[in-house]
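Visitor: Quick one: this structure, given as structure tokens, is what I'll be asking you about.
The values are calculated or read from the model by the stated rules, or taken from the named source; none is laboratory data. Every value quoted in this text rests on a predicted model; they were computed, and no experiment measured them. FYI the Cβ positions are ideal-geometry reconstructions off the backbone, even for glycines, and counts take in every protein chain you see. The protein model used for the area step is the full one, side chains on, heavy atoms only, and it has no ligands, DNA or RNA in it. Shrake-Rupley method; radii C 1.70, N 1.55, O 1.52, S 1.80 Å.
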Amino acid sequence: MRYSFYPGCSMEGAAVPYLKSFEAVTKALGIGIEEIHDWNCCGATVASGVVGHYPAQVMTARNLALAEQKGLDIIVPCSSCYMNLAITNKKFIEDDHFQLMANEALGVAGLRYNGTLKVRQMIEWIINDIGLDRIKSMVKRPLTGLRVAGYVGCQTPRVFPWTFDDPEQPVFFDKIIEALGATPVKFPLKARCCGSSHSITKPEITIDAGYKLIKSALEDGGQLMVTPCPMCQLNLDAYQGMIKKGYQLDISIPVLFITQLMSIAFDLPPDTWALKYNIVSPFDTLSKYGIKP
Amino acid sequence: MTDLNVSSEPVKYNPDFAKEIYALESGEHVKLCMQCGMCALSCATREEMDYSPRKLFLLMRVGKREEFFKANTMWMCSTCLMCKVRCPRGIPLADVMHDLKSHAIKLGYTERPQATFYQSFWQEILNKGRVFEGGLMARYYLKRGWSEMTKGLFEMRDLGMTMLKHNRMPLKSPKSIKGLKSMKQIIERAQAQMHREEGR
Amino acid sequence: MSKKIGVYICSGCGIGDALDVSALSKVATKEYKAPVCKTDAFLCGKDGVDIIKKDVAEEGVNYVVIAGCSGRVNYDVFDFGPSVVLERVNLRERVVWTQEPDDEDTQAMAEDYMRITLAKLKNLEAPVPFIGEEVSKRIMVVGGGLAGMTSATEAAAAGYEVVLVEKEESLGGWLKKSYKIAPLSPPYTNPEETDLAGRIKKIEDNPNIKVYTLASIEQTAGSPGMFDVTIKQGDAAATERVGAIVLAAGAVPYDPGKLEHLGFGASPNVITQAQLEELAQKGCIARPSDGKAVQKVAFIQCAGSRDQEHLSYCSAACCVESIKQSLYVKEQNPEAAVYVFYKDIRSSGQYEHFYKKAQSEGVIFIKADVTGVSDDGGNITIEADDLLMGSPTMADEIDLVVLANGMVPATAFEDPALGGEAQAEVAAGSDQAAPAPAPIIKSNILNLQYRQGPELPSLKYGFPDSHFICFPYETRRTGIYAAGSVRRPMDMAQAVEDATGAALKAIQCVEMSARGMAVHPRSGDLSYPEFQMNRCTQCKRCTEECPFGAINEDEKSNPLPNPTRCRRCGTCMGACPERIISFKNYSVPMVGNMLKAIEVPEEDEEKPRVLIFACENDAIPALDMAGINRLAYSKWIRIIPVRCLGSLNLIWVNDAMSKGIDGVLLMGCKHGDDYQCHFMKGSELAGIRLSKVSETLDRMGLESDRVYMTEVSIMDYDKIPKIVGDFVDKIEKFGPNPMKGF
Ligand code: SF4
Ligand code: SF4
Ligand code: SF4
Ligand code: SF4
């Protein structure tokens, strides 16, 4: 199995533990991953709000055009990147007028995209292509008894609602947690918004959202949160101090990327767990599984 | 949320403003809003909004242009997509919110911090082809001005320190992408195409 | 034909484990001397059924009693042809599934049910169907609008002859006045041509449809299968014999003259929906005041409808009509501004698509209460309270205001020529409490030769009464089916569906009537009420209480039953103070014998007995469902099914009390405006009759609360244990019936 890989800007910055663990996990699974050469920003949830959808999508399409040269379907771990790439891809496939126009624009840089690739959300890809059995077979350090709140986040299940899961109460993410030997807890807010970039412009929103999420995760005895979304991880991890202060909360809950948890459960080398990047320390929670700093 | 302007003077319906919104990229869909309130109920940030999406569309229908653009509604939207998934009329509300943001910026309604953030983000993309968080923050606070910056930095100081400590905030800006020039050309062409289409 | 009873007890489904089956057989063989009594472990299996078939064929068994599951299941398995009378003792749902197994009280209950059924057989005969003379299978359709034309073509397409009567010069009704109609087919987004000519041609070309135009009905005599309808066309009159009638007389718009508050009359530019159709038909929607093509149009919804001062109901079609008309305006001028002021948009069914279409064409929908409409030289200003804005709003320089003025059924009007008292005869000289007669409005449409009044009884607002949930088309006159906007307000798509449904009902009726069978809800029942006329005192209770007007009066003032009008509810049987009305398989003495067969323990045994009369339509299924769900209930009760609580004769209460039964519970359907009684008035009448029972009980020195009536719907099965339990508790508090042992 070989795929193109679109890391997105956050994996180069705040989400660096995501990148490290993702690369390790895919390697362990024997999957060839090729980063799209010279990729550019997908526009996040922002570009279309400045220049409009069309220019933002054409900008995103540059990545598709670059990937098509290798002919490999694209794996996208980040939720916003997935949203932009997948929606743009769908437009190329379904809307002839769009394809014509966008290719004219791409043409100024000698690029062209024919809509031959699939854009795959990482979680969906893990379940459908790699398979839960394969994941289970890789587990060398079963996380038995670990109660994990699977925080899917808002965009991942809602970009194409009902295509691979329920957009409001998704279940697919919990299946991966289960495959790692851990116990997914009831977490009714698992697809609620984390406050996104309000963390910069109106942190109250992020802090309030974070408090609600953590409370929901703790309610069913969650000991750890995992997420596939860089924004969610950052907001819950980095802002947890402020959340605790603002709401007089005295429990902490570590927030890991799903690939970090996979790397631990697969018992890959400790540096690939990338736990030193986690602001809320996971070591207390994980010590019982032999995880030490 | 604020109540809609309740005045004793009858408000006169002005259908022209709605046409302006209908002309936006996803604006056509807004025609179908039946004021059911599902979006208001679903919105992650409705408590912060001056008007829920439903009420915003109501203002549009009545023709209250100024209130419409001054409202923080679109800026509060975090693109969580819940409303888009639930709207019984299939209105892609999050997309509409993005249209409204870019339209508001175009019209000069840029005083909200979110508008600044959006503009900074875009500048950052145009600068290197990728977004460097440090650069984004610098741009943002620079634009917001010194007072907000000191206030912001004070609030965020601890946060910044912890992030640095955990290597989550690289200080060195990465290099630009190689195809930066061609990416910008592509964007410019796309913008030109869009203007042409709008002109029709 | 001599009776030979065969009793077959099934011990399957847990019956044999919970009950002493041989003791049960002894009840049949020893107490009731049944000549044949057999037990089988799997009676509904092929071998079990064969045992019975063999006895029928070889032993001459002609009364078969099956003690096992409920009569509501396996009826197809236990079918031994019309010459065999079949009774079922429900040991499974009613005893084994609700009671303690292997218990003496459970056994006593099972044995009582065996006794009740065997006692029933004493007075039970196989019914002989009533077959009328010169029975017709033709169907008359009254009204040649969309609904009427649809009923006619549908019935004819099914092979039935149709007589179509229209009061106007040509067919079409509302279609004639319409420019286009709301779409009747997918994608439900664009107004459709009326296709009036095509629809008329279809009728004219059909040799099975005979059309009378410019015609009215002078009188409708007879009964289903044998209606004789006199049709007047100018001076000529013709009589047609038909089997059933579809009433599709339609509706008329609400009188806009009463809508002055919305500007009607004060400005020529305020018009009705019908007037807009006229303008559109002429080819240009222009202001009536000066002929200027319209730029700005406003629709005011619910003009008169949903308004306590006018019509309190929703007219159901006007939202869709306004949506359609707003599209006319947009078709003529896409730039025209169109406002629709509404309370709620009720574009039901597929018309959500139509609503969306109007929105996407730019029609603006405003949820508002209109507070004023004023005219300034042809330009109209509407003031309103915008309910979503929460503020007063206005729209000015409107060229045309269209009032969505709703509809009133054709049956709601009195013909002054007939005197105008919209009342049936009041219950005449009787000491019994009687219900208020249903309003019958002399609308001069059918002119029924029924003692109970010339038109269909209505429930509210002049619409013909029908069992809204289960039997919407069936009016309170058997064989006459209402369809379209005369039945209830509706749009055209619904009217087409309605008309088709009513045609089907009319077909069922002519077929059943020809075979001497009842129509719904006792479809297929061959029994009918017979009168022992020599004992009749001419009190007229039966003619008045029959919910279906089945009983006329002959020249000598004797009741004159019309069996094909009858629905076999037994209300007349319950009403008759002389108890002279009975069915071959249902009668006052028969139920009397059944309840007397219950064994009432001595007072000191402290085992009370509560008798439940349960309506077969809802209460019995609910009781069965309680059993299916294994809901345990009191062991002191004994249930006797009745056709309808309306058939309850007070003598039964008397008999039960004299016998020492401690309490009587009546379970029937809900009554009142939103009744669910399958015979419409039965449960209400039972309630009225029951109000008299306290006197009787007082005379016997008993608490009147020992008899109680309750409403049970099929959905209430989960409440059965509580309903029953509460009543039994109450009875236990009263203590034993002092009549015990007399
Ligand atoms: S959910 Fe959709 S139709 Fe309902 S009020 Fe919101 S935008 Fe309008
Ligand atoms: S996408 Fe925006 S407007 Fe819609 S629910 Fe989420 S935050 Fe609210
Ligand atoms: S159909 Fe619409 S306009 Fe007509 S009465 Fe009902 S709600 Fe009012
Ligand atoms: S009361 Fe019932 S049974 Fe009696 S005549 Fe009328 S419909 Fe028939």
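Visitor: Restricting the range C:63-99 to residues that are among the aliphatic types (A, V, I, L, M) and under 26 Å from C:Tyr633 (Cβ atoms), which is surrounded by the most Cβ atoms within 10 Å (Cβ to Cβ)?
Guide: By that ranking, first place goes to C:Ala67.
Visitor: Additional query: Those residues that are within 10 Å of another protein chain (Cβ to nearest Cβ), among the aliphatic types (A, V, I, L, M) and outside any loop (DSSP other than H, G, I, E, B), I need them from the range C:369-389; list them, please.
Guide: The answer is C:Ile382, C:Ala384.
Visitor: Read through the list (1) in contact with a helix residue (DSSP H, G or I) (Cβ under 7 Å, 6 or more places away or on another chain); (2) part of a helix (DSSP H, G or I), then give the number of the only condition that C:Lys722 fails.
Guide: The single condition C:Lys722 does not satisfy is (1).
Visitor: Would you please name the residue that is least open to solvent (accessible area, probe 1.4 Å), looking only at residues in the range C:164-186 that are touching a helix residue (DSSP H, G or I) at 6+ places or on another chain (Cβ under 6 Å) and within 14 Å of C:Gln350 (Cα to Cα)?
Guide: C:Ala182
Visitor: Output the number of residues of the range B:172-200 satisfying the condition of being under 16 Å from A:Arg112 (Cα atoms) and β-branched (Val, Ile, Thr).
Guide: Looking only at that region, the number is 2.
Visitor: Identify, please: which residue in the range B:170-192 is more than 7 Å from chain A (Cβ to nearest Cβ) and open to solvent by less than 90 Å² (accessible area, probe 1.4 Å) and is, among those, modelled with the lowest pLDDT?
Guide: So, considering only residues that are more than 7 Å from chain A (Cβ to nearest Cβ) and open to solvent by less than 90 Å² (accessible area, probe 1.4 Å), the one modelled with the lowest pLDDT is B:Ser173.
Visitor: From the list A:Ala65, A:Ala44, pick out the single residue that is open to solvent by less than 10 Å² (accessible area, probe 1.4 Å) and within 23 Å of the chain's Cα centre (by Cα).
Guide: Every option except A:Ala65 fails the conditions.
Visitor: Does any residue of the range A:110-128 turn out to be of a type in the set (A, V, I, L, M), touching a residue at least 12 places away in the same chain (Cβ under 8 Å), open to solvent by 10 Å² or more (accessible area, probe 1.4 Å) and more than 12 Å from every other protein chain (Cβ to nearest Cβ)?
Guide: yes
Visitor: Out of the residues in the range A:191-211 that are open to solvent by 30 Å² or more (accessible area, probe 1.4 Å), within 10 Å of chain B (Cβ to nearest Cβ) and at pLDDT 95 or above, state the one that is farthest from ligand 4 (Cβ to nearest atom).
Guide: A:Asp208
Visitor: Can you say whether A:Thr88 is touching a strand residue (DSSP E or B) at 6+ places or on another chain (Cβ under 9 Å) and part of a helix (DSSP H, G or I), as far as the supplied structure shows?
Guide: Answer is yes for this residue.
Visitor: So, B:Cys80, is that one surrounded by fewer than 19 Cβ atoms within 10 Å (Cβ to Cβ), of a type outside the set (Ser, Thr, Tyr) and not in a helix (DSSP H, G or I) or not?
Guide: Working: surrounded by fewer than 19 Cβ atoms within 10 Å (Cβ to Cβ): no; of a type outside the set (Ser, Thr, Tyr): yes; not in a helix (DSSP H, G or I): yes.
Here the answer is no, as B:Cys80 does not meet what is asked.
Visitor: Let me ask something additional. For the range C:646-689, name all the residues that are open to solvent by 10 Å² or more (accessible area, probe 1.4 Å), of a type in the set (Gly, Ala, Ser) and more than 30 Å from C:Gly741 (Cα to Cα).
Guide: C:Gly672, the sole residue that qualifies.
Visitor: Among strands (runs of 3 or more DSSP E) lying entirely in the range C:5-120, which contain 2 or more residues that are within 23 Å of C:Pro589 (Cα to Cα)?
Guide: The qualifying strands (runs of 3 or more DSSP E) are C:5-10, C:63-68, C:85-90.
Visitor: Return yes or no: is B:Lys84 without any contact (Cβ under 8 Å) to a residue 24 or more places away in the chain, within 14 Å of chain A (Cβ to nearest Cβ) and within 13 Å of ligand 1 (Cβ to nearest atom)? Steps first, answer last, please.
Guide: Numbers: without any contact (Cβ under 8 Å) to a residue 24 or more places away in the chain: yes; within 14 Å of chain A (Cβ to nearest Cβ): yes; within 13 Å of ligand 1 (Cβ to nearest atom): yes.
Yes; evaluated as a whole, the condition is true for this residue.
Visitor: Mind counting the residues in the range A:92-108 that are in contact with a helix residue (DSSP H, G or I) (Cβ under 6 Å, 6 or more places away or on another chain), within 11 Å of chain B (Cβ to nearest Cβ) and open to solvent by 30 Å² or more (accessible area, probe 1.4 Å)?
Guide: 1
Visitor: Taking the criterion of being of a type in the set (A, V, I, L, M), in a strand (DSSP E or B) and more than 8 Å from chain B (Cβ to nearest Cβ), would at least one residue in the range C:356-366 satisfy it?
Guide: No, the range C:356-366 has no match at all.
Visitor: Another one. Can C:Val89 be described as among the aliphatic types (A, V, I, L, M), modelled with pLDDT of 95 or more and out of contact with any Asp or Glu (no Cβ under 8 Å at 6 or more places or on another chain)? Spell out the reasoning first.
Guide: Numbers: among the aliphatic types (A, V, I, L, M): yes; modelled with pLDDT of 95 or more: yes; out of contact with any Asp or Glu (no Cβ under 8 Å at 6 or more places or on another chain): yes.
Taking the combined requirement at face value, the residue satisfies it.
Per-residue answers, yes or no, for (1) buried (at least 16 other Cβ atoms within 10 Å of the Cβ); (2) within 16 Å of ligand 3 (Cβ to nearest atom); (3) within 14 Å of chain B (Cβ to nearest Cβ):
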{"site": "A:Leu146", "(1), (2), (3)": "yes, no, no"}
{"site": "A:Arg158", "(1), (2), (3)": "yes, no, yes"}
{"site": "A:Trp162", "(1), (2), (3)": "no, no, yes"}
{"site": "A:Ile176", "(1), (2), (3)": "yes, no, no"}
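Visitor: Wholly within the range C:613-701, which helices (runs of 4 or more DSSP H) include no fewer than the required count, namely at least 2 residues that are farther than 26 Å from C:Val89 by Cα?
Guide: Result: C:682-690, C:693-700.
Visitor: Let me ask you something else. How about the range C:563-582: which of its residues are of a type outside the set (S, T, N, Q) and crowded, with 22+ Cβ neighbours inside 10 Å? Show your work before the answer.
Guide: Of the range C:563-582, the ones of a type outside the set (S, T, N, Q) are C:563, C:565-570, C:572-581.
Once the filter is applied, which keeps residues that are of a type outside the set (S, T, N, Q) and crowded, with 22+ Cβ neighbours inside 10 Å, the range C:563-582 yields C:Arg565, C:Cys566, C:Arg567, C:Arg568, C:Cys569, C:Gly570, C:Cys572, C:Met573, C:Gly574, C:Ala575, C:Cys576, C:Ile581.
Visitor: Just to check your reading of the model, which residue among B:Lys64, B:Lys19, B:Lys55 is over 22 Å from A:Ala56 (Cβ atoms), more than 16 Å from ligand 3 (Cβ to nearest atom) and without any contact (Cβ under 8 Å) to a residue 24 or more places away in the chain? So that I can check it myself, show each step before the final result.
Guide: Values: B:Lys64 fails: without any contact (Cβ under 8 Å) to a residue 24 or more places away in the chain; B:Lys55 fails: without any contact (Cβ under 8 Å) to a residue 24 or more places away in the chain.
After applying the criteria, what remains is B:Lys19.
Visitor: Return the only residue of C:Gln308, C:Gln301 being more than 16 Å from ligand 1 (Cβ to nearest atom) and surrounded by fewer than 24 Cβ atoms within 10 Å (Cβ to Cβ). Walk me through it before giving the result.
Guide: Numbers: C:Gln301 fails: surrounded by fewer than 24 Cβ atoms within 10 Å (Cβ to Cβ).
Among C:Gln308, C:Gln301, only C:Gln308 is more than 16 Å from ligand 1 (Cβ to nearest atom) and surrounded by fewer than 24 Cβ atoms within 10 Å (Cβ to Cβ).
Visitor: Taking into account only those residues within the range C:56-109 that are of a type in the set (Val, Ile, Thr) and under 17 Å from C:Ser2 (Cα atoms), which is nearest to the chain's Cα centre (by Cα)?
Guide: Per the stated criteria, the residue is C:Val85.
Visitor: Inside the range C:375-385, can you point out the residues that are in contact with an Asp or Glu (Cβ under 8 Å, 6 or more places away or on another chain) and of a type outside the set (A, V, I, L, M, F, W, C)?
Guide: Scanning the range C:375-385 gives C:Gly378, C:Asn379, C:Thr381, C:Asp385.
Visitor: Just to be sure I understand, how many residues within the range C:465-478 are open to solvent by less than 30 Å² (accessible area, probe 1.4 Å) and under 14 Å from C:Ile245 (Cα atoms)?
Guide: Count: 5.
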